[in-house]
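Coordinate-derived values only; no laboratory data. All of these numbers come straight from a predicted model, not from anything done at the bench. With ideal geometry, Cβ positions are generated from the backbone for all residues, glycine too; neighbour counts draw on all protein chains shown.
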Amino acid sequence: MSNEVGLGVCAKLGLSHTSMPEPDEVGLCRTCRHSRIVPAPRSTFYLCERSFIDPRFLKYPPLPVIRCVGFEPLPPAVNEPETEE
Ligand code: SF4
């Protein structure tokens, strides 16, 4: 079942404190500029900062988020080398 913003309930990843979620467990929130990682002793949460200003977004969207109208990719890393063509 895919997760879309505005549907479902808060998600909590059942991960040990020593592991981070795999990419497919998080989906778009992993690379979205509006997400904030909230570490907890036994879980990792992805908070959607769009939820503060737009009621369509859940504070903690069910993961993985497969489609999201609010997704905006993170800007390139400062030290990331430019691709030459
Ligand atoms: S806008 Fe969408 S993709 Fe971005 S953090 Fe919120 S729920 Fe995740």
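Residues whose amide H lies under 5 Å from that of THR44, counting only those 5 or more places away or on a different chain, are LEU13, LEU15; hydrogens are built 1.01 Å from N in the peptide plane.
Amide H contacts under 5 Å for GLY27: VAL65, restricted to partners 5 or more places along the chain or on a different chain, H placed in the peptide plane at 1.01 Å from N.
Using the Cβ atoms and a cut-off under 12 Å, what net charge is assigned to the surroundings of HIS34, where Lys and Arg are +1 and Asp and Glu are -1? Every neighbour counted, the sum reads +2.
Show me 33-40, 47-54 ranked by packing, highest mean number of other Cβ atoms within 10 Å first. Intermediate values should be presented prior to the final figure.
Working: 33-40: 14.0, 47-54: 15.8.
By packing density, highest mean first, the sequence is 47-54, 33-40.
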